[in-house]
Structure formats: structure tokens, C-alpha cells
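For reference, the structure discussed in these notes is given below.
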Amino acid sequence: MARLLRHEGGYSNHPSDPGGPTNFGITIADYRKYVKREATAADVKAMRVEDAKAIYRARYWNAMRCDDLPAGVDYAVFDYGVNSGIGRGGKVLRRVLGLDDAISSVSDDVVAAARGANAAKLVGAICDERLRFLKSLKSWNVFGNGWGRRVAEVRVVGVAMASAPPATAAPPPPPTMPHRPEQPAACGLFHVLISALHATLKRT
């Protein structure tokens, strides 16, 4: 989410952006759909980052079943879905897996195929297709540099995630012996004196 928000930035209303008023990457259309039906540009501008995160979790991450996808692939699909719509993100994932892309749902067979694929190569294939699509848009001349940097970062980070060894639990700490306080020196001297006194009494 931190990477995504860094790419999306804050409020904007660029005339070349068909999304119109946008904040944290959430367009006014999405804000009207998920938060407030009659939202205005002022409402979008006043959006809290917590609201944006909630929308991303429910309407993008969960909608594309990113928790079920391999590490790295989840990030690549999520960022693509945010940038170009979950419909395109889902279709592209199906396409690069060799599945029917007439639909966009990330179904059980898609999850199974993704888990059985080479995750790093899958991230690369998603980013390759994404870049081709973005370059085909008329607004590439306006936003192309930023889009290109974004896809390049997603590729690097996604491949690193996919290539990282699985996390392992830390070994349990070694058992500790019960603590036995040391005998004070004065206490030891006391026992020596008592023993000497007993010996003297016996001789007398």
C-alpha cells in the first residue's frame, strides 16, 4: 500500500486524465460508487487516506483474490488493477497463464495455475503486457514517463518478492535452568564456625 500510494499521489484533476477528480488514486466515479453517491470534487479532495485504503482492500485486493496469489504476483496484479481497472488486471492474469481471458474473474482455476507457475516469470509477463497496453493509449505522451517508471518498479519489486525464500519461523529459545542464587560468603563462613565449635565441644 505504501508503494501504491507513493505512485498514486494526492489529489489531482488533470484535463488529460479521464478519471477526473482523483485522490490517492481513487477516482470520483469510484468514490461515488463505494462511499457517497452524490460526491463532488470537493468530497474527493477531502477524502481521508483511511477511506482510500478501505476501498483498495475491499474493491481491488480482495476482489482479485490477491491473498491467494503467490508473492510478487499479488503485487503486480493489484497495482495493475488499480492503475487500469480490476477487469483488465484479471483478464491479463488469465491471459498470461494461458486461460480464457474472455472473462476477468480470478477463479479457483486461475489461483491454482498461478501457484503452479514460475512466479518471477509470471510477474515479468504481467508487466510486459501492461506496458504494451499503456503505450497504446493516447495519453501515453502525457503520462508515459511516470507510467513507465511505475511498471519498472513493480517489475523489480514483484520479481524480488517472488524470488525470496519463504519465511521460516524462528527456532524456539533453548530451555533455561532454574535459577539458584549463590550462597553468600558470610553464610558459608557461619557454617565453618559452627562446624569448628561442634568439633571443640566433642573434644572437651
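Odds and ends about this structure:
- Spatial separation of Cα centroids for the range 133-148 and the range 1-33, in angstrom: 16 Å
- Taking all protein chains together and a 1.4 Å probe, the residues Thr22, Thr40, Thr27 rank Thr40, Thr27, Thr22 from largest to smallest accessible area.
- Protein heavy-atom surface of the range 27-92, 1.4 angstrom probe: 46% of the accessible area is carbon and sulfur, with nucleic acids and ligands not counted.
- Sparsely packed loop sites in the range 1-53 (the GluC sites (Glu not before Pro) outside DSSP H, G, I, E and B with at most 10 other Cβ atoms within 10 Å) comprise Glu38.
- A convex hull fitted around the alpha carbon atoms of the range 60-140 yields 80 Å³ per residue.
- Gyration tensor verdict on the range 1-48 (Cα atoms; rounded if a/c is under 1.5, prolate if a/b is larger than b/c, oblate otherwise): oblate
- Taken about its Cα centre, the range 14-63 carries a charge dipole of about 160 debye when Lys and Arg each add +1 at the Cβ and Asp and Glu each add -1 at the Cβ.
The values are calculated or read from the model by the stated rules, or taken from the named source; none is laboratory data. What you see is a predicted model, and the numbers here were worked out from it, not measured in a lab. Virtual Cβ from ideal backbone geometry, glycine too; neighbours counted across all protein chains shown. The protein model used for the area step is the full one, side chains on, heavy atoms only, and it has no ligands, DNA or RNA in it. Shrake-Rupley method; radii C 1.70, N 1.55, O 1.52, S 1.80 Å.
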